[in-house]
């Protein structure tokens, strides 16, 4: 007779799979040998209730035996990762750095436009002033006016809510490679729908 190292059920020596927990003796020979060494050193009596509790705490996935609590923790972590990935994909991604600054500044001043839902970033640069930490943006913004006509104007915007229409006297007003304009506009389009 031999004992199953998982559920401690006694089985015939010729049996290859435990009838109680489906432990595969032939695949898991190393575990059995380790168990036999431990049994010669330490003998801990196992009651029927303890063996039954051990069986309940194990999940079989193919030939793999996993404690239920680890299995459920793994499933939970996987579910959270899938949820976060879905949120990122649905929201058009996560904005970071100057892209996030540009988005935040536009969202801050959007209510000052006649038609906020129509705002789209055309060009520009954004950043943080090294001296005072103020966030700023020099940009071209396309939006519809009160008559529904779309036009592009150039602005200086800061994090204090200042928005000044400006003559684009510097080339950075026209930059299209400093910001991820397409990604910013995708998120703006979705977020500014509340103004429709």
Taking a ≥ b ≥ c as the square roots of the Cα gyration tensor eigenvalues, with a/c under 1.5 meaning rounded and otherwise prolate when a/b beats b/c or oblate if not, the stretch 75-146 comes out oblate
Computed over the stretch 136-196, the Cα gyration tensor eigenvalues, each multiplied by 5 and square-rooted, give semi-axes in Å (largest first) of 20, 15, 13
Neighbour-count ranking for 107, 137, 81, 1 (other C-beta within 10 angstrom, fewest to most) reads 1, 81, 107, 137
Between the modelled labels at residue 100 and residue 69 (7 Å from Cα along Cα→Cβ) the distance in nm is 3.6
Nearest-0.05 FRET efficiency for residue 190 and residue 142 at R0 = 22 Å, using Cβ-Cβ distance, is 0.85
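FYI, it's all coordinate maths here, none of it is from the lab. If you're wondering where the values come from, they're calculated on a predicted model, not measured in any experiment. Virtual Cβ from ideal backbone geometry, glycine too; neighbours counted across all protein chains shown.
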